[in-house]
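Asker: Provided herewith is a single structure, encoded as structure tokens, for subsequent inquiry.
The values are calculated or read from the model by the stated rules, or taken from the named source; none is laboratory data. Bear in mind the structure is a predicted one, so any value in this text is a computation, not a measurement. Cβ coordinates were reconstructed from backbone atoms using ideal geometry, including for glycine residues, and neighbour counts include every protein chain displayed.
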Amino acid sequence: MTHPRTGLGHDIHRLYPGEPLVLGGVAIPAPVGFRTHSDGDVLCHALIDALAGAIADGDLGTHFPEDDPDAEDARSLDFLDQFGHYVEQAGYEVVNVDAFVVLGTVKLRPHIEEMRTNISGALRIDLAQVSVKARSNDGLGPEGEGTACSAWANVLVYPRTG
Amino acid sequence: MGTSPRCTAQDIATELLVGVGTRIEHSRAVANQAATATDLLEEPWGASLADAAWLHDLGYAPVLAKTGFHPLDGARWLEEQGWRPEVCRLVAWHTRAGTEAKLRHLEHELAAEFSPPPELAQAILAWADLTSSPTGQACTPEDRIAEVLDRYPSDSTVHRAARSNSSQLIADARLVETRLRNVKVTDQ
């Protein structure tokens, strides 16, 4: 099959005072963050979920189970890097990714370029192939109120040639 | 705030930490402990340790909290205020802060901005911190680590860092206690 394939990914975590907020591998100064065994990076998690969906091979939890002791203290950006290789070995290349993070109480815009740089590095694609956006949710819902942060990602992959 | 290096470390800690839980009581106890061990260090580290003991938790002051990682927030502010590099370095790396920095993805910033202090200086500040309870009572390093692990949820960053660091912290405390015993024996 030589058709392009798309994948959709999503993740959300509750936010806690005093914990680190890591998105796209960027440590963002914030009064709240994720309390998880990995760094809780919902953006990287959503991207892995989307990539897994694009190649119809499970989801984030299939490849990186939460109860895996190796996942403790892990960096989700490293997971994304690993999964990028996995996608390549499965015979696909990433054409582009488009993602957005939803959080209403922390300014994310100043950190978007660093997130894009990290993601393009992890997936070994050009910066122009990576889009990251931020939404405040207009104060609505847990993300808008700042009690949770979520991310959505859409990816396009294409069978490798040659 | 109007603080400057002309203010004493105690003045600054009092101004910024009073009302932040019992941080000032804890800081006073850490300063008292550290004062008994400054002779183990050569200058400028002895005097810097005495100041850093008062100032090590300054980053918990709400007005200073930027990254949420209190060793770095405190050290950055002290540097801005013109404090000696040795004091800033001790605050930045106190009680093996490098582990928590890594969990927060801030280890590169920490290492780039502040060089780690000499091992013995780090060990003494860790020992002083670990032998002072949150309310300023004397305690053992083991009890202090257990108290931190109990106070913070198991999946919190502070708990994970303390759990990961516990062996190193106990080793720090033992090293300092041995050095202090040797000094007393020599003095007799």
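Asker: Across the range A:37-54, which residue is modelled with the highest pLDDT among those that are surrounded by fewer than 24 Cβ atoms within 10 Å (Cβ to Cβ) and part of a loop (DSSP other than H, G, I, E, B)?
Answerer: In this case the residue turns out to be A:S38.
Asker: Just to be sure I understand the filter: pairs with C-beta atoms under 7 Å, separated by 6 or more residues or on different chains, first member in the range A:135-156 and at pLDDT 95 or above, second member basic (K, R). Which pairs pass?
Answerer: Every condition considered, the pairs that remain are A:T147/A:R14; A:A148/A:R14.
Asker: For A:H3, are the conditions met, namely being within 14 Å of chain B (Cβ to nearest Cβ) and either part of a loop (DSSP other than H, G, I, E, B) or at pLDDT 95 or above (or both)?
Answerer: Against the criterion (within 14 Å of chain B (Cβ to nearest Cβ) and either part of a loop (DSSP other than H, G, I, E, B) or at pLDDT 95 or above (or both)), A:H3 does not qualify.
Asker: A further question on this structure: Right, B:E42: free of Cβ contacts under 8 Å to residues at least 40 places away in the same chain, over 12 Å from the mean Cα position of the chain (by Cα) and either over 16 Å from B:S132 (Cα atoms) or crowded, with 17+ Cβ neighbours inside 10 Å (or both) or not?
Answerer: The answer is yes for B:E42.
Asker: Next up: Answer yes if at least one residue in the range B:131-153 is charged (D, E, K, R) and within 14 Å of chain A (Cβ to nearest Cβ), and no otherwise.
Answerer: yes
Asker: I need the full set of residues from the range A:76-100 which are within 15 Å of the chain's Cα centre (by Cα) and among the hydroxyl-bearing types (S, T, Y), in order please.
Answerer: Within the range A:76-100, A:S76 is the sole residue that qualifies.
Asker: Which residue is surrounded by the fewest Cβ atoms within 10 Å (Cβ to Cβ), if the candidates are limited to the range B:144-162 and must be free of Cβ contacts under 8 Å to residues at least 40 places away in the same chain, assigned to a helix (DSSP H, G or I) and over 17 Å from the mean Cα position of the chain (by Cα)?
Answerer: Per the stated criteria, the residue is B:D150.
Asker: Could you tell me whether A:V101 is surrounded by 23 or more Cβ atoms within 10 Å (Cβ to Cβ) and β-branched (V, I, T)?
Answerer: It is true that A:V101 is surrounded by 23 or more Cβ atoms within 10 Å (Cβ to Cβ) and β-branched (V, I, T).
Asker: Does any residue of the range B:54-74 turn out to be more than 14 Å from chain A (Cβ to nearest Cβ), without any contact (Cβ under 8 Å) to a residue 60 or more places away in the chain, aromatic (F, W, Y) and assigned to a helix (DSSP H, G or I)?
Answerer: Yes: one or more hits.
Asker: While we're here: Would you mind telling me which numbered condition in (1) closer than 30 Å to B:G59 by Cβ; (2) assigned to a loop (DSSP other than H, G, I, E, B) A:G58 fails?
Answerer: (1)
Asker: If you don't mind, there's one more thing I want to ask. Say whether the condition of being over 29 Å from B:L110 (Cα atoms), touching a strand residue (DSSP E or B) at 6+ places or on another chain (Cβ under 7 Å) and more than 10 Å from chain B (Cβ to nearest Cβ) is met by at least one residue in the range A:11-24.
Answerer: yes
Asker: Kindly indicate which of A:A90, A:A30 is among the aliphatic types (A, V, I, L, M) and within 11 Å of chain B (Cβ to nearest Cβ).
Answerer: A:A30
Asker: Still on this model: When you check A:H111 against the structure, is it under 20 Å from B:R104 (Cα atoms) and in contact (Cβ under 8 Å) with a residue 40 or more places away in the chain, yes or no?
Answerer: Answer is yes for this residue.
Asker: Condition test on B:E79, is it surrounded by fewer than 20 Cβ atoms within 10 Å (Cβ to Cβ) and touching an Asp or Glu at 6+ places or on another chain (Cβ under 9 Å)?
Answerer: It is true that B:E79 is surrounded by fewer than 20 Cβ atoms within 10 Å (Cβ to Cβ) and touching an Asp or Glu at 6+ places or on another chain (Cβ under 9 Å).
Asker: So in the range A:61-87, with the set limited to residues that are within 14 Å of chain B (Cβ to nearest Cβ) and in a loop (DSSP other than H, G, I, E, B), which one is nearest to A:V132 (Cα to Cα)?
Answerer: Here the residue is A:R75.
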